[in-house]
1. Pop out the ³J(HN,Hα) list for segment 27-39 in order, Karplus 6.51 cos²θ - 1.76 cosθ + 1.60 with θ = phi - 60°, rounded to Hz; leave Gly and Pro as x.
2. Excluding Phe186 itself, what net charge comes from residues whose Cβ is under 11 Å from its Cβ, given Lys and Arg +1 and Asp and Glu -1?
3. In segment 3-193, what % of DSSP beta bridges are antiparallel (nearest 5)?
4. Counting other Cβ atoms within 10 Å of each Cβ, which GluC sites (Glu not before Pro) in segment 97-161 have at most 14 and sit in a DSSP loop?
5. Can you list the HN-Hα couplings for segment 79-89, worked out from phi with the Karplus curve (6.51, -1.76, 1.60; θ = phi - 60°), rounded to whole Hz and with x for Gly and Pro?
6. Determine the alpha carbon to alpha carbon distance for each of Lys113/Lys151; Lys113/Lys182; Lys71/Lys182; Lys71/Lys118; Lys14/Lys151; Lys113/Lys154 and list only those over 24 Å.
7. Under the rule of at least 5 residues apart or a separate chain, name every residue whose amide H is placed under 5 Å from the amide H of Cys37.
8. Could you give each residue of segment 168-178 its phi-based ³J(HN,Hα) in whole Hz, using Karplus coefficients 6.51, -1.76, 1.60 with θ = phi - 60°, and x for Gly or Pro?
Amino acid sequence: MSYETHLQRVDERKNALQKLLSEVLEGRTRVVLEIGCGHGHWLVDYASAFPDAFCLGIDIIGDRIARACKKQASRNLENVCFVVGEAWEVIEGLPPEIQLEKVFILFPDPWPKKRHWKNRLFQNPFLDRLAQSCASEAKLYFRTDHSGYMKWSKSIANENLNWEVSAKAEWPFERESVFQSKAEAFESLVLVRHSAES
Ligand SMILES: C[S@@+](CC[C@H](N)C(=O)[O-])C[C@H]1O[C@@H](n2cnc3c(N)ncnc32)[C@H](O)[C@@H]1O
């Protein structure tokens with residue numbers, strides 16, 4: 001495949017994602033997002049517990065999202081939907097009126113080898129772009145069982161100008177995700193989006 005063809009395909013994929021997001025989020029402004037939702041176990045339980053919230057689960061792997069959609073349908077939940085997409089592309093494809101109020105990143109791939117750290121999702125450019133799509137005082141909930149990834153994330157979060165680490169914010173919904181059920185121990189980090197005026 002030529003580089004031009006590759007770029008054209010990326011463009012087509014992003015346009016299709018943008019169209020899909022505007023369809024599934026039509027009429028919504030406030031959204032709860034789970035990035036890397038896997039098979040959707042955690043988010044269907046969250047949506048069931050918070051019927052007034054509208055929830056969007058995304059994962060880069062289509063088969064996982066297909067299974068998440070089946071769960072949503074079998075539970076007859078109208079306040080959750082699942083979309084296949086890469087985190088950056090989804091954030092950039094959100095309709096401009098959408099304001100994320102809570103974002104969950106639960107047990108993201110830790111990329112333990114140093115040469116792979118560049119692939120970690122939790123990085124300043126991503127936090128900055130995510131903040132643009134968030135409501136003032138939105139919260140980002142991050143949980144991992146990888147101590148190195150947690151250390152990395154705390155250090156980035158402490159320097160980031162758009163987010164503040166909250167020591168007092170509580171975890172809003174305790175339910176084991178698939179990866180949490182396999183973890184021996186884990187840590188959580190909660191960030192609060194600085195208000196637009198600050
Ligand atoms: C380790 S699993 C955790 C799944 C689930 N959150 C849990 O706690 O059981 C990480 C998930 O993130 C997805 N993922 C990895 N990178 C992603 C990205 N850039 N955008 C969207 N999803 C991603 C993977 O496909 C996988 O399902």
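Read-outs throughout are calculated quantities, based only on the coordinates presented, and are distinct from any laboratory measurement. Everything numeric here is computed off the predicted structure, so don't read it as measured data. Cβ atoms come from the backbone with ideal geometry, glycine included; neighbour counts cover every protein chain shown.
1. For segment 27-39, the Karplus-derived couplings read x, 9, 10, 9, 9, 9, 10, 10, 9, x, 7, x, 7 Hz, x marking Gly and Pro.
2. Working: positive: Arg143, Lys182; negative: Asp145, Glu176, Glu184, Glu187.
Spelling it out: positives minus negatives among the neighbours equals -2.
3. Numbers: 9 of 30 bridges.
Of the beta bridges lying entirely in segment 3-193, close to 30 percent run antiparallel.
4. Details: sites: Glu97, Glu101, Glu137, Glu159; in loops: Glu97.
Sites meeting the loop and neighbour criteria: Glu97.
5. In residue order, the calculated couplings are 10, 9, 9, 10, 9, 7, x, 7, 3, 4, 5 Hz.
6. Values: Lys113/Lys151 14 Å; Lys113/Lys182 21 Å; Lys71/Lys182 21 Å; Lys71/Lys118 33 Å; Lys14/Lys151 33 Å; Lys113/Lys154 18 Å.
Among Lys113/Lys151; Lys113/Lys182; Lys71/Lys182; Lys71/Lys118; Lys14/Lys151; Lys113/Lys154, the Cα-Cα distance tops 24 Å for Lys71/Lys118; Lys14/Lys151.
7. Amide H neighbours of Cys37: Ile58, Asp59.
8. Rounded to whole hertz, the list is 9, 5, 8, 6, x, 7, 8, 8, 5, 7, 4.
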